[in-house]
Amino acid sequence: MGRTVLLFCAALLLVALPGAARADGDPASDILYTQDVFVPYPPPAPPQLKALKHTVAAAYAQHYRVKVAVIAASSDLGAVPELFGKPAAYARFLGQELSPVYVGPLLIVMRAGYGIYDGGRATAAEERVLAPLAISESSANDLTVAATQAVAKLTTAGALRSKDIRRPQVYPRPASGTRGSSVRMVYAVLDDSERTKETVRVLAGARQLVSIKTKQRQALYVRAHNVTWRVPRSLPKRALKFCVVAVDPAGNKSPSVCAPLTVR
């Protein structure tokens, strides 16, 4: 997918995020706001990209967190080309850009080396793992392979331990249904642990009609969650609302956010 299309898609996602921080012309912060991997343009070959995404997903499966930016040229830095060749400085910059939604290990991979940032917290454990790793080439493929190997080693060493302090964010979508049938209530969840459980309440004014609790499950903004509720036949036709609260494994809780639910 071309850089223009990628940035257009990212822009659409950010428009859907109320209060989202904009990226100030930095392509990686657009992409990493809702995803875990940013790669350069032209992109690496599909096998290398797939391997990196798989390795990052494996880190999350072990209850770690990490986002990765692979930078092959100054053009990959958008409005901050002066940070090319300075992975540590760029890691700090990008980490601050992402801080409204993500405070955790952030790995930068450039020909000049690795940068690691964790919201201003100590990164000595990660740096010890990265120190012996060398980057010999500067192509997108080579840098992506280097990123994959670095994430694997960080995960194996248990070096990605980082306190989760960001609460989930929920984005419910308006719903409608018919009395006597099931209504599907859809919402997206954005959380840097990528695992949450939710409570969904249907309200008629201040009166709660039903409360539905989900089990903990994977939470990716690009994959919406949903719950269903069978609307009683006796319920009058009226405008309701459904409200969602998400909780991550660290106990961080989102505010309750509501969307209209129309019953016909």
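Per-structure values
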item	result
Nearest 10 degrees, 0 to 90: helix 3-15 Cα axis against the chain principal axis	40 degrees
Mean separation of Cα contacts under 8 Å, 6 or more apart, over the residue count of the stretch 3-156: relative contact order %	25 percent
Restraint check, LYS215/LYS237; LYS153/LYS215; LYS213/LYS237; LYS163/LYS197; LYS50/LYS197, Cα-Cα greater than 23 Å	LYS215/LYS237; LYS153/LYS215; LYS213/LYS237; LYS50/LYS197
Of ALA152, ALA88, ALA131, the one that fluctuates the most in a GNM where the chain has Cα springs shorter than 10 Å	ALA131
Of ASN226, ASN252, ASN141, the one that fluctuates the most in a GNM where the chain has Cα springs shorter than 10 Å	ASN226
Rg(Cα)/(2.2 N^0.38 Å) for the stretch 176-248, N = residue count	1.18
Residue of THR144, THR178, THR123 that the Gaussian network model of the chain assigns the largest fluctuation, springs spanning Cα pairs under 10 Å	THR178
Whole-Å semi-axes of the ellipsoid equivalent to the stretch 3-156 (Cα gyration tensor, √5λ, descending)	21, 18, 16
Angle in degrees between helix 46-61 and the longest Cα principal axis of the chain, rounded to the nearest 10	60 degrees
Estimated distance in nm for a label pair at ALA224 and ARG184, the labels positioned 7 Å out from Cα along Cα-to-Cβ	0.9 nm
Relative contact order %, the stretch 169-263, counting alpha carbon pairs below 8 Å whose residues are six or more apart	38 percent
For the chain, fraction of C-alpha pairs farther apart than 34 Å, in %	26 percent
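Rule-based calculations on the coordinates, nothing more; no lab input. These figures come from a predicted structure and were not determined experimentally. Every residue, glycine as well, gets a Cβ built from its backbone with ideal geometry; the counts of neighbours run over all protein chains shown.
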